């Protein structure tokens, strides 16, 4: 945590305008938890999750991607890139937010105003080295990567599905059939972060 805070402070001093911090890592790594903890300690900071850009289940079903929800191709990557670009310019931006309980993205759910100077943008694919995700690279003032051993991720992701009401066998099937392949894509296909936080 201290290394991340020190790096963000340095990035803020080096940037006159809005500061965009990418917090990336596989599903279950603790990106949201870290982003919220950092935001609590930084004046003028706000958390911006990538998850609001999930494609709707109806669209995913039409594209044969419903079982792969959370994979790179199941997001509106172009829309996310447009939002990040506008945020970088210092604009007020209305953003979508993902409601995990209802499994839907809600358009226009939050407003990021110009007074929010440090933005902690968290998501799985912020450092993914393939189009269109690699076009994000020029937007970041600092990148933070979270690394977690695969067995720890597996346990966390199974528990996440258990917490959503699935029985053990179904939770394992969901985690191993989709979440872990997504995690492996993040680990294998992402560029190195400026700051790496290792957990587990």
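Among the residues of the range 127-144, not a single one is in contact with a strand residue (DSSP E or B) (Cβ under 7 Å, 6 or more places away or on another chain), at pLDDT 95 or above, farther than 19 Å from residue 181 by Cα and exposed (fewer than 14 other Cβ atoms within 10 Å of the Cβ).
Residue count for the range 14-35 satisfying the condition of being farther than 17 Å from residue 100 by Cβ and out of contact with any helix residue (DSSP H, G or I) (no Cβ under 9 Å at 6 or more places or on another chain): 3. Taken over the range 93-105, the criterion of being more than 16 Å from the chain's Cα centre (by Cα) and within 13 Å of residue 48 (Cβ to Cβ) is satisfied by 93, 94.
Apart from one condition, residue 161 fits all of (1) within 16 Å of the chain's Cα centre (by Cα); (2) under 18 Å from residue 26 (Cβ atoms); (3) surrounded by 18 or more Cβ atoms within 10 Å (Cβ to Cβ); the exception is (1).
Hey, does the range 170-178 have a residue that's under 15 Å from residue 24 (Cα atoms), assigned to a helix (DSSP H, G or I) and either in contact with a strand residue (DSSP E or B) (Cβ under 8 Å, 6 or more places away or on another chain) or in contact (Cβ under 8 Å) with a residue 24 or more places away in the chain (or both)? Walk me through it before giving the result.
Just the residues of the range 170-178 that are under 15 Å from residue 24 (Cα atoms), to begin with: none.
Scanning the range 170-178 turns up no residue that is under 15 Å from residue 24 (Cα atoms), assigned to a helix (DSSP H, G or I) and either in contact with a strand residue (DSSP E or B) (Cβ under 8 Å, 6 or more places away or on another chain) or in contact (Cβ under 8 Å) with a residue 24 or more places away in the chain (or both).
Taking the stated definitions as given, is residue 102 surrounded by 14 or more Cβ atoms within 10 Å (Cβ to Cβ) and farther than 13 Å from residue 22 by Cα? No.
In the set (1) more than 25 Å from residue 131 (Cα to Cα); (2) in contact (Cβ under 8 Å) with a residue 40 or more places away in the chain; (3) part of a helix (DSSP H, G or I), residue 115 fails one condition alone, (3). Pairs linking a residue in the range 58-69 that is surrounded by fewer than 16 Cβ atoms within 10 Å (Cβ to Cβ) to a residue that is part of a helix (DSSP H, G or I), with Cβ atoms under 7 Å and 6 or more positions apart or on different chains, are 66/57; 66/60; 67/178.
The values are calculated or read from the model by the stated rules, or taken from the named source; none is laboratory data. Just so it is clear, the model here is predicted, and its values are computed rather than measured. A quick note on method: Cβ atoms are made from the backbone with ideal geometry, for glycine too, and the neighbour counts reach across all protein chains shown.
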